Amino acid sequence: MSKESAPAGTGRATGVEGALFGALIAAVALAPLPLGSNRPLPAAILALWTGGLLVIWAGCAGWGLARVAVAPAKLRLPLILFGLAALWILVQALPLPAGWGDPIWGVASEALGRPLRQTISVNPEKTLSGLMRLLSYAAVFWLALQLARDAQRARIAIVAVALIGTIYALYGIAVYTAGNEWILLYDKWAYKFTLTSTFVNRNSFATFAGLCLICATACFVGSFSHLLTIDRPLRHRIVMVAETIFSSSLHLTVATLALLLALVLTGSRAGVASSMAGLLVLMLALARRRRFGLRHAAAIAGLVGIVVLLAFALGGGLLADRISDRDATATNWEARSTVYERTMEAIGTVPWTGTGYGTFREVFAAYRPESLDLRRYWDKAHNTYLETMLELGIPAALLLNLSILLLAVETLRGLWRRRRDRTAPAIGVAATVLVGLHAVVDFSLQIPAVAILYAFIMGVAVSQSLSQERRGQAGTG
């Protein structure tokens, strides 16, 4: 009998998996704390934590103390594509024969009068650091994929994400209302008039809050949606739904509202817009349940819409001001358009090999025009797709993005083919829409805390997207 088809196992195996699952959730929960882990030390600690968990899980699986609940063959193509992209990043940082590396090394060698190690990457240390981060995200996905195969654990994961997001949202709201003068132990030096919680950038926290909002909304809707289909008079059902929202499920109502309010107070136009798009996709996905008619779907959308409107009424002034400030919008878009144009120009110089993963800052300095405001710091392209193509080269960038897209397709297939427990696949589709749209105009997925959260959500979603037949083969029933 293969490992995948082995039965669920003993209580000892379940206990080991439960402990690993708890440690994984802890990693997701603590990642936003040190400035979104977007500093070398917390990013390294996060990589060590997730890598250590992966090694422990592999050892336990080898000794029969944990299950390989999803065989690698089930996700063969996305795993191969991701592996090839990761291998290419490693190649970019490795020493190469003279003339094979980036031309900058030849120029530097002539200037210094001595030979230098040549690599494709213009900064191999940064490329290896970027690879470390990328592999830590992959570890989180893989662990969530294996440990959240059980439906009960998947539900715990979704609730945990909603709770984690609510805690950071409430902290952000508290700081904002108290004067918005600090981030943890630091004086706030950026975005002093918008909510960022423990993040530095408002757009990054907006994406984080949006992902948590999708999970919280799914829990919120799940708490009362079944009451809409029971055989009772309409007024009775309305009373039952109201009682649920404001009594037994009050914590979910508060969580959803808190996350919405924090999201709006970020003032991030792209973050709010992409989060609303993800929320809309979630509503459409949940409404697909066969027992829901048009009236039921409209009722659910209406209740969620009321919460959204309430959040905008409480904190939408800042966002409205930013949307209405056409001059600032035009100036900002002009600057970003210039960055996009120069990034594409840089891509044209190394379309096949790239400049090295994580090296945008060094490369863009040579292409930055004088017209860009010198007071603004451009270490990101504000378009993850363009930045990845510059750093990896077009072929490897396509491999990396396609591997993620194929995982999203798996969640979409799971949403279509499953007859029950569609919540996790719906969340996976909605989360991908959110981060995919926001990546067009910003860099939230390049912040470790956001990437870790998305990887965790997708691991749970993909695991729960596999068909009932496959679940039976995995021994989870």
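The values are calculated or read from the model by the stated rules, or taken from the named source; none is laboratory data. What you see is a predicted model, and the numbers here were worked out from it, not measured in a lab. In this analysis, Cβ positions are derived from the backbone assuming ideal geometry, glycine residues included, and neighbour counts consider all displayed protein chains.
In the list A431, A408, which residue meets the criterion of being closer than 23 Å to G271 by Cα, touching a residue at least 60 places away in the same chain (Cβ under 8 Å) and among the aliphatic types (A, V, I, L, M)?
Details: A408 fails: touching a residue at least 60 places away in the same chain (Cβ under 8 Å).
That would be A431, the only listed residue that is closer than 23 Å to G271 by Cα, touching a residue at least 60 places away in the same chain (Cβ under 8 Å) and among the aliphatic types (A, V, I, L, M).
How about region 41-67: which of its residues are of a type in the set (G, A, S) and without any contact (Cβ under 8 Å) to a residue 12 or more places away in the chain?
G52, A58, G59, G62
Considering only residues that are in a helix (DSSP H, G or I) and touching a Lys or Arg at 6+ places or on another chain (Cβ under 9 Å), look in region 362-405 and name the one that is farthest from L77 (Cα to Cα).
Only one residue tops the list, namely Y367.
Just a yes or no: is a residue in region 137-146 surrounded by fewer than 18 Cβ atoms within 10 Å (Cβ to Cβ), aliphatic (A, V, I, L, M) and out of contact with any strand residue (DSSP E or B) (no Cβ under 9 Å at 6 or more places or on another chain)?
Among the residues of region 137-146, not one is surrounded by fewer than 18 Cβ atoms within 10 Å (Cβ to Cβ), aliphatic (A, V, I, L, M) and out of contact with any strand residue (DSSP E or B) (no Cβ under 9 Å at 6 or more places or on another chain), which makes the answer no.
Just wondering, is there one or more residues in region 113-136 that are charged (D, E, K, R), loosely packed, with under 14 Cβ neighbours inside 10 Å and part of a loop (DSSP other than H, G, I, E, B)?
Yes, the conditions are met somewhere in region 113-136.
Just a yes or no: is a residue in region 157-179 assigned to a loop (DSSP other than H, G, I, E, B), crowded, with 17+ Cβ neighbours inside 10 Å and not hydroxyl-bearing (S, T, Y)?
No, there is no match, as no residue in region 157-179 is assigned to a loop (DSSP other than H, G, I, E, B), crowded, with 17+ Cβ neighbours inside 10 Å and not hydroxyl-bearing (S, T, Y).
If A424 satisfies all but one of (1) in contact (Cβ under 8 Å) with a residue 60 or more places away in the chain; (2) within 22 Å of T338 (Cβ to Cβ), what's the number of the condition it fails?
(2)
Using the structure shown, decide if T384 is buried (at least 20 other Cβ atoms within 10 Å of the Cβ) and touching a residue at least 60 places away in the same chain (Cβ under 8 Å).
yes
So if I check each of L24, L75, L65, L54, which one is under 19 Å from D150 (Cα atoms) and either small (G, A, S) or modelled with pLDDT under 95 (or both)?
Every option except L65 fails the conditions.
Assess whether R471 counts as being at pLDDT below 95, among the basic types (K, R) and not in a helix (DSSP H, G or I).
Details: at pLDDT below 95: yes; among the basic types (K, R): yes; not in a helix (DSSP H, G or I): no.
Answer is no for this residue.
For (1) surrounded by 15 or more Cβ atoms within 10 Å (Cβ to Cβ); (2) assigned to a loop (DSSP other than H, G, I, E, B); (3) over 18 Å from the mean Cα position of the chain (by Cα), each residue gets a yes or a no:
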{"residue": "V28", "(1), (2), (3)": "yes, no, no"}
{"residue": "A43", "(1), (2), (3)": "yes, no, no"}
{"residue": "L46", "(1), (2), (3)": "yes, no, no"}
{"residue": "G59", "(1), (2), (3)": "no, no, yes"}
{"residue": "A66", "(1), (2), (3)": "yes, yes, yes"}
{"residue": "L75", "(1), (2), (3)": "yes, no, yes"}
{"residue": "A85", "(1), (2), (3)": "yes, no, yes"}
{"residue": "I89", "(1), (2), (3)": "yes, no, yes"}
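Going by the structure shown, is I214 closer than 25 Å to V429 by Cα and touching a helix residue (DSSP H, G or I) at 6+ places or on another chain (Cβ under 6 Å)?
For I214, the condition - closer than 25 Å to V429 by Cα and touching a helix residue (DSSP H, G or I) at 6+ places or on another chain (Cβ under 6 Å) - is met.
The conditions are (1) under 19 Å from the mean Cα position of the chain (by Cα); (2) under 20 Å from V339 (Cβ atoms); (3) free of Cβ contacts under 8 Å to residues at least 12 places away in the same chain, and F443 fails exactly one of them. Which is it?
Failed condition: (3).
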